[in-house]
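See below for the structure under consideration.
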Amino acid sequence: MARRVARLVTLLLGLLVLAPPPGDSAARWAWLGVRIRDLSEQEMNEISQRHGIREGFGVVIVEVMKETPAEASGLRNGDLVVGFGKTPVVDTRVLQRMISRAGVGETVALTVLRQNEGRRPVNVRLGVMPEGVAADRIAAEFGFLIRDPAVSPEPGATPPSGLPLVAVVIRGSGAERAGLKVGDVLVELNGRPVVTLEAARAALGSVSLDQPLPVIVRRAEERVTILLPAP
């Protein structure tokens, strides 16, 4: 259980740095297909010394996902993205903002630094973000993540109900302020019953980010209605 939640936290960090444009729907979000992170201060210094002071920034590609635009373009794990067209990429939010503005189907020119190969251009034709990933991103925007209860419970814990659970609530988020708690069993999202993880993600896929999200959960024996503020 602890390992699964740790993976969800890692996913959550990736989702937060890949924030969608405000007010947009999940139907046609552009998709690169990578997990990314910002550089540490030590990495910035090392890159500055190796490539020159102007290269002391960028976004590290931690993982190139299978069967994605990133993989098709030849991007690799460990590549450092330092440019998007003529715009310097100084952190993860800049890269995602550029991808969001480019749109689905557009070919974009990235500049990457690759170990032992130096600076090189990579052209990527952006695809459509998969529904499950988009749903997780929407949940993260509201301040939570969900998981399938079909995992082995902790010793002495109540057996899973079959309904999806709240796995993570972000500190300081709208979800936390509204009272959502880790372990809450999801019953309804946005007025739609959710009896499986797939049903919960389908419900999230139709959610607008500029409207509050009504959620009904079961907590112990109590049914609780919560309104999550729009992110």
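The numbers here are math on the coordinates, done by the rules we state, and not lab data. These numbers were taken from a predicted model, which means no experiment stands behind them. Glycine gets a Cβ as well: all are built from the backbone with ideal geometry, and neighbour counts include every protein chain shown.
With θ taken as phi - 60° and the Karplus curve 6.51 cos²θ - 1.76 cosθ + 1.60 applied, the whole-hertz 3J(HN,Hα) list for the stretch 163-175 is 7, x, 10, 7, 9, 9, 10, 6, 4, x, 7, x, 5 Hz, x standing for glycine and proline.
Applying the Karplus relation 6.51 cos²θ - 1.76 cosθ + 1.60 with θ = phi - 60° to the stretch 86-100 yields 3J(HN,Hα) values of 9, 9, x, 9, 9, 7, 5, 5, 5, 4, 5, 4, 5, 5, 4 Hz, where x marks Gly and Pro.
Put a dot 7 Å past the Cα of THR87, heading toward its Cβ, do the same for ASN116, and the two dots end up 3.4 nm apart. Full extension of the chain between GLU188 and ALA109 yields a length gain of 24.2 nm, computed as 0.36 nm times the residue separation minus the alpha carbon distance. Normalised radius of gyration (Cα atoms, divided by 2.2 N^0.38 Å) for the stretch 30-128: 1.00.
Backbone amide hydrogens, once placed in the peptide plane, bring LEU213 within less than 5 Å of LEU228, ALA230, excluding anything fewer than 5 places away on its chain.
Can you order the peptides 80-87, 95-102, 60-67 by their average number of other Cβ atoms within 10 Å per residue, highest first?
95-102, 80-87, 60-67
Using a Förster distance of 41 Å, how high is the FRET efficiency between MET44 and ARG223, based on the Cβ-Cβ distance and rounded to 0.05? So the FRET efficiency works out to roughly 0.25.
Under the criterion of Cα pairs below 8 Å and six or more residues apart, the relative contact order for the stretch 30-128 equals 30 percent.
Loop-resident trypsin sites (Lys or Arg not before Pro) (DSSP state other than H, G, I, E or B) in the stretch 170-231 with no more than 10 further Cβ atoms inside 10 Å of their Cβ: ARG171.
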